[in-house]
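All remarks here apply to the structure that follows.
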């Protein structure tokens, strides 16, 4: 397959394919003129890259999954990523529920709604460093 066929089949721009090749994630088998040529298994590799990216793996982590013999995916890292996704799902679900409540809350102001204030505290806890307790005593 030439690079144009791969871009059409994968939906990825040629620049992404060239970048992935530079990173060692895919490999062209040669050239016809200026066009890179890829073997048919490049689409499977691109699908695995898309799946891993969607799950939150970095390109460097994905690169470690590929060996000259083919993909070698560490099961421990898959379980760790699944646990990380579970935590993120729980956080996003709580955020979604809080936003839905805030949209219909009857309190005169969102800052008078206990549920909304709880949502702010949870969001703040994850985003901002807590003040040093020693500094609070001074």
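Remarks
- Looking across 37, 62, 49, one residue alone is over 16 Å from residue 16 (Cβ atoms) and either part of a strand (DSSP E or B) or modelled with pLDDT of 90 or more (or both). It is 37.
- Taken across the range 89-103, residues that are surrounded by 10 or more Cβ atoms within 10 Å (Cβ to Cβ), free of Cβ contacts under 8 Å to residues at least 60 places away in the same chain and not in a helix (DSSP H, G or I) do not occur at all.
- Only residues that are without any contact (Cβ under 8 Å) to a residue 24 or more places away in the chain and in contact with a helix residue (DSSP H, G or I) (Cβ under 8 Å, 6 or more places away or on another chain) were counted across the range 51-70, and they come to 4.
- Selection of the range 14-48 for residues being out of contact with any strand residue (DSSP E or B) (no Cβ under 8 Å at 6 or more places or on another chain), over 22 Å from residue 65 (Cβ atoms) and surrounded by 11 or more Cβ atoms within 10 Å (Cβ to Cβ) yields only 14.
The values are calculated or read from the model by the stated rules, or taken from the named source; none is laboratory data. In this text, all values refer to a predicted model and were calculated from it rather than measured experimentally. FYI the Cβ positions are ideal-geometry reconstructions off the backbone, even for glycines, and counts take in every protein chain you see.
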